[in-house]
Amino acid sequence: MIQYAVFGMGFAFAAAAQPGPLQAFLLSEVTRVGWRRTLPAAFCPLLTDIPIALLTLLVLKEVPGEAQTFIRLAGGLFLLYLAWVAFRDWRRNAIEAGAPKGAAPSGLLKAAALNLLNPNPYLGWSLVLGPMTLKAWGDSHFAAVVLLAAFYGTLVVCLALTILLFGTTKWLGPKGRRALLLFSALALAALAVYEIAVGVA
């Protein structure tokens, strides 16, 4: 039982610590609207991974190459959109003070959409978490629950800590935060190009 909890926490920490589209998006949102309005986005895996897990466990034993290509291309296009939004706000100097009151749910929905179009959760479930969940389920149903609770609990906490860490950018002042917003836009654009390039390769 303990080994499943340790595995779940370790895999979640690795997933949250790895730089990627979600982390770049969180940096962009924190810079634009502040860490408080961005914090709900830490729960996006709880929304998106349910259909991903069901799709992987019930339909896909391995994600086929065609599906990976489609997901990467769609994810790349969505990343380009997020990069454009960040760049637009950088040009307008719309940081935190100009954020709409509905920014928190909007950020959560954007993060959820980004995660659904990100191939990493599909690959993680089909290649790592899915087989381990089936193995744990074979040992005992409770072991599978422990594994998933450890994974998603750690993942949400790590994402929330990432948002809080990004939130320290407020001490940089308006110019520093505006520079970070431009950096996040460029990072999102670079990740978009990478996703599209891998998808068409």
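The values are calculated or read from the model by the stated rules, or taken from the named source; none is laboratory data. Given the structure is predicted, the values throughout are model-derived calculations rather than measurements. Here the Cβ positions follow ideal geometry from the backbone for every residue, glycine too, while neighbour counts run over all protein chains shown.
Pairing residues of the stretch 145-166 that are closer than 18 Å to Ser184 by Cβ with residues that are charged (D, E, K, R) and surrounded by fewer than 18 Cβ atoms within 10 Å (Cβ to Cβ), at Cβ distances under 8 Å and at least 6 apart in sequence or on separate chains, gives no pairs at all. The set of residues in the stretch 145-184 that are aromatic (Phe, Trp, Tyr) and at pLDDT 90 or above comprises Phe151, Tyr152.
For (1) touching a strand residue (DSSP E or B) at 6+ places or on another chain (Cβ under 7 Å); (2) assigned to a helix (DSSP H, G or I); (3) modelled with pLDDT of 90 or more; (4) among the polar types (S, T, N, Q), each residue gets a yes or a no:
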{"site": "Leu109", "(1), (2), (3), (4)": "no, yes, no, no"}
{"site": "Ala113", "(1), (2), (3), (4)": "no, yes, no, no"}
{"site": "Ser126", "(1), (2), (3), (4)": "no, yes, no, yes"}
{"site": "Thr133", "(1), (2), (3), (4)": "no, yes, no, yes"}
{"site": "Gly138", "(1), (2), (3), (4)": "no, yes, no, no"}
{"site": "Ala143", "(1), (2), (3), (4)": "no, yes, yes, no"}
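The residues in the stretch 28-40 that are of a type outside the set (Val, Ile, Thr) and under 18 Å from Arg92 (Cβ atoms) can be counted, and the count is 5.
May I ask you to say which residue of Phe70, Phe78, Phe25 is of a type in the set (Phe, Trp, Tyr) and either at pLDDT 80 or above or under 19 Å from Leu182 (Cβ atoms) (or both)?
When all the criteria are applied, what remains is Phe25.
Counting only residues that are loosely packed, with under 15 Cβ neighbours inside 10 Å and outside any loop (DSSP other than H, G, I, E, B), the stretch 1-46 holds 8 of them.
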